[in-house]
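The values are calculated or read from the model by the stated rules, or taken from the named source; none is laboratory data. Only a predicted model underlies this, so the values are computations on that prediction, with no experimental measurement involved. Cβ placement follows ideal geometry from the backbone for every residue including glycine, while neighbour counts extend to all protein chains displayed. These accessible areas exclude ligands, DNA and RNA; they are computed on the full protein's heavy atoms, side chains included. Shrake-Rupley method; radii C 1.70, N 1.55, O 1.52, S 1.80 Å.
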Amino acid sequence: MEQNSVCILSERDRLTAYFLPENAIACKYFKREKMDSILKTVTGMDEIVRDVPWNRGGNCSEEDRKFDTYIKQDDFYKVSCRYARVFELCRVLGAANLYDIGCQTINQSFLLVNYSTVSYTGIMNSRFVLNDYRDSDFNDLNSDYVFMEQAPEPFCGGRIRFIRGHYPDIVPEIAPNNIAIACYSITMCRDEESINEMAAALTRDFERVLFNIPYDVPEMVELWKKTDWSGFEIYPIGPEGFLFATKHPEDIRRMKETYPFADGRFMTGIDNKLQKTAADSFERYTDWT
């Protein structure tokens with residue numbers, strides 16, 4: 001994707017800042033009507049469609065709704081934290097064109113609004129989601145997310161865009177100096193054929209791939225280890241089965257200059273949950289040879 005030398009943000013681009021965690025407290029007491037007005041501009045929807053990503057069935061108890069609101073809050077901050085570290089890695093590498101496979105939420109793309117030399121493409125085969133969490137949701141027992149059936153219109157003059165479809169059935173035009181990002185999405189590949197097909201597509205289309213595998217399912221790990229990553233170097237970079245593969249040896253040099261490196265793995269902080277930081281959480285997939 002061609003980058004513009006001058007980045008001029010529209011009002012819609014600037015309004016995405018309302019859905020960044022650092023600004024959540026600034027609009028803590030906004031009325032829902034005001035937030036919905038902002039949402040309509042950001043999503044391009046005439047009417048806001050709300051739903052929950054799960055279906056409990058029947059009438060939920062107040063306790064269930066409180067718990068669901070906690071999940072919404074946790075997801076709001078967790079997505080931002082994970083992608084902040086993913087995007088930090090991309091900056092370390094100098095990767096300019098990011099392709100997020102199975103992105104689901106669009107919140108993470110808002111982190112890149114102020115980075116004019118980076119493009120982002122979110123690919124999703126079902127509804128796109130915007131998490132509009134606010135502290136007031138706990139009082140209101142509001143666990144709903146905003147859902148979009150169609151891909152949102154691009155932001156930042158097309159530098160941030162979304163595509164409705166399933167990768168690799170749909171492959172967008174891919175610019176050089178790229179990286180594929182797949183956070184939890186390709187863990188859905190659960191048999192040898194689908195795993196081989198996904199690995200073949202990723203290594204065909206991209207120079208770099210950041211992804212995770214079901215590290216706690218030994219048979220799945222072995223199936224991934226058997227896939228062909230010829231021409232790539234591959235290292236563990238996060239405790240939840242996250243791996244980084246690259247065609248560029250200089251990427252590894254840059255990472256060793258930036259991140260702690262020990263026992264064949266980089267400590268990038270990506271999805272560095274406290275309960276997953278023990279050294280043995282890497283044992284099943286550290287050796288990719």
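In the condition set (1) in a loop (DSSP other than H, G, I, E, B); (2) buried (at least 16 other Cβ atoms within 10 Å of the Cβ), I170 is compliant with all but (2). Filtering F147, F138 for residues that are in a strand (DSSP E or B) and closer than 27 Å to M45 by Cα leaves a single hit, F147. Any chance segment 42-49 includes a residue that's surrounded by 20 or more Cβ atoms within 10 Å (Cβ to Cβ), modelled with pLDDT of 95 or more and touching a Pro at 6+ places or on another chain (Cβ under 7 Å)? Scanning segment 42-49, I find at least one residue that is surrounded by 20 or more Cβ atoms within 10 Å (Cβ to Cβ), modelled with pLDDT of 95 or more and touching a Pro at 6+ places or on another chain (Cβ under 7 Å), so the answer is yes.
Look at R161 and say whether it is open to solvent by 60 Å² or more (accessible area, probe 1.4 Å) and not hydroxyl-bearing (S, T, Y). Considered against the rule, which asks whether it is open to solvent by 60 Å² or more (accessible area, probe 1.4 Å) and not hydroxyl-bearing (S, T, Y), R161 comes out as no.
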